[in-house]
Amino acid sequence: MNMPCRTRTVLIVGAGKQQVPGIAYAQARGWKVVASDRNPNAAGFRIADAQIIADGNDADGILAQLQAGGNRPDVVLSFTE
């Protein structure tokens, strides 16, 4: 019996212009992208599937918003240029 595959979710901490290529890359490969950034106008929020407005150092705040949104990431990434 084939079970339907669940869409994988990635949390990308940081949603500035440096993260936009990574967000697009993950989406092009079928991942749901949840992006977090303290800037509500972060460039990556325009293309991310879900947004979390929180400082990257605020793990409790990010976790609370993940849970509130029903998001459970399979992987967490943080990268800069």
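The values are calculated or read from the model by the stated rules, or taken from the named source; none is laboratory data. Since the model is a prediction, treat every value here as computed from it, not as a measurement. Positions of Cβ are backbone-derived with ideal geometry, glycine not excepted, and every protein chain shown enters the neighbour counts. Only protein heavy atoms, including side chains, enter the accessible area calculation; ligands, DNA and RNA are left aside. Shrake-Rupley method; radii C 1.70, N 1.55, O 1.52, S 1.80 Å.
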Could you give every pair whose Cβ atoms fall below 7 Å, whose first residue belongs to the range 63-81 and is within 17 Å of Gln18 (Cβ to Cβ), and whose second residue is surrounded by fewer than 11 Cβ atoms within 10 Å (Cβ to Cβ) and modelled with pLDDT of 95 or more, counting only separations of at least 6 or pairs across chains? none
Positions within the range 39-52 being open to solvent by 70 Å² or more (accessible area, probe 1.4 Å) and either free of Cβ contacts under 8 Å to residues at least 12 places away in the same chain or under 20 Å from Gln27 (Cβ atoms) (or both), in sequence order: Asn41, Arg46, Asp49, Gln51
Among the residues of the range 1-38, the number that are in contact with a strand residue (DSSP E or B) (Cβ under 8 Å, 6 or more places away or on another chain) and open to solvent by 40 Å² or more (accessible area, probe 1.4 Å) is 6
Name every residue in the range 53-62 that is open to solvent by less than 20 Å² (accessible area, probe 1.4 Å) and in contact (Cβ under 8 Å) with a residue 40 or more places away in the chain, in order of residue number. Ile62
